[in-house]
1. Can you confirm whether Lys67 is over 23 Å from Val128 (Cα atoms) and among the basic types (Lys, Arg)?
2. Which condition does Ala62 not pass, out of (1) surrounded by fewer than 20 Cβ atoms within 10 Å (Cβ to Cβ); (2) at pLDDT 95 or above; (3) in a helix (DSSP H, G or I); (4) touching a strand residue (DSSP E or B) at 6+ places or on another chain (Cβ under 8 Å), if it passes all the others?
3. Pick from the stretch 8-43 the residues that are assigned to a helix (DSSP H, G or I) and surrounded by 15 or more Cβ atoms within 10 Å (Cβ to Cβ): which of them is modelled with the lowest pLDDT?
4. What are the residue pairs meeting all of these: first residue in the stretch 12-40, first residue closer than 16 Å to Gly120 by Cβ, second residue of a type in the set (Phe, Trp, Tyr), Cβ atoms under 7 Å, and 6 or more apart or on different chains?
5. Pairs please, first residue from the stretch 144-168 and of a type in the set (D, E, K, R), second anywhere and modelled with pLDDT under 85 and surrounded by 15 or more Cβ atoms within 10 Å (Cβ to Cβ), Cβ atoms under 7 Å, 6+ apart in sequence or on different chains.
6. Assess whether Leu2 counts as being modelled with pLDDT under 95, aliphatic (A, V, I, L, M) and not in a loop (DSSP other than H, G, I, E, B).
7. Yes or no: Gly80 assigned to a loop (DSSP other than H, G, I, E, B), of a type outside the set (Asp, Glu) and at pLDDT 90 or above?
8. Could you grab me the full set of residues in the stretch 67-86 that are out of contact with any helix residue (DSSP H, G or I) (no Cβ under 6 Å at 6 or more places or on another chain) and hydrophobic (A, V, I, L, M, F, W, C)?
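The values are calculated or read from the model by the stated rules, or taken from the named source; none is laboratory data. As the structure is a computational prediction, the values presented were derived from the model and not from experiment. Positions of Cβ are backbone-derived with ideal geometry, glycine not excepted, and every protein chain shown enters the neighbour counts.
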Amino acid sequence: MLDSPIRRFLQPPERLIKQLSIDPKDVVVDFGCGPGFFLIPIAKLAGKATGIDVSPSMLERASRKAKKKHVAVELLKSDGTEMKLADESVDMILLNHVFHEVENKPKVLAEFRRILKPSGRLAIVERVHGTSGFWGIAGPPVIDEKEFTREIEQGGFTLTRTISYGNSSIAISQKTVR
């Protein structure tokens, strides 16, 4: 279900990506990229697209898909606590229904702060109402929007706007100047 024709029809990745205002010069990281559902369309818009996932099999699927679609992507295996990316080298990091799965949020958010440029944006999408997944039996859980935005702010980010997106919410944040 991570990348199926049904999902593509019901939730075209371009619809979410349009909300992110990606510039052709942007360096974008899709954290928890899975098989590349969002990564491949992002790579068609951004100057550089990097997919990061903890699963080697998901990275392999994303690699095959990128080759098939003739787009260049960089793929890295990481749980987010340590990423092999240069300091202040990324314009945007996207997490689509992944933040709730991050085990060490403070350390991962610190790593995001390290790799994001001073003007960099962190876009976190989480389901905030409705039922979990398809007919309530699969998919991302419903989480408390206030709780996850508080965790983002405690991690050194300032929430700049929230966009309602179906049963989900897109929280756009920037590094807090300290």
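1. Details: over 23 Å from Val128 (Cα atoms): yes; among the basic types (Lys, Arg): yes.
Against the criterion (over 23 Å from Val128 (Cα atoms) and among the basic types (Lys, Arg)), Lys67 qualifies.
2. Ala62 satisfies every listed condition except (1).
3. The first filter runs over the stretch 8-43 and keeps only residues assigned to a helix (DSSP H, G or I), leaving 8-10, 13-18, 39-43.
Checking the rest, the ones that are also surrounded by 15 or more Cβ atoms within 10 Å (Cβ to Cβ) come to 13, 16-17, 39-43.
Working: Pro13: 70, Leu16: 83, Ile17: 87, Leu39: 96, Ile40: 95, Pro41: 95, Ile42: 96, Ala43: 96.
Out of the qualifying residues, it is Pro13.
4. Close Cβ pairs satisfying both conditions: Asp30/Phe38.
5. Glu145/Val128; Glu145/Ser169
6. Working: modelled with pLDDT under 95: yes; aliphatic (A, V, I, L, M): yes; not in a loop (DSSP other than H, G, I, E, B): no.
For Leu2, the condition - modelled with pLDDT under 95, aliphatic (A, V, I, L, M) and not in a loop (DSSP other than H, G, I, E, B) - is not met.
7. Numbers: assigned to a loop (DSSP other than H, G, I, E, B): yes; of a type outside the set (Asp, Glu): yes; at pLDDT 90 or above: yes.
So Gly80 passes the test.
8. Of everything in the stretch 67-86, those that are out of contact with any helix residue (DSSP H, G or I) (no Cβ under 6 Å at 6 or more places or on another chain) and hydrophobic (A, V, I, L, M, F, W, C) turn out to be Ala72, Leu76, Ala86.
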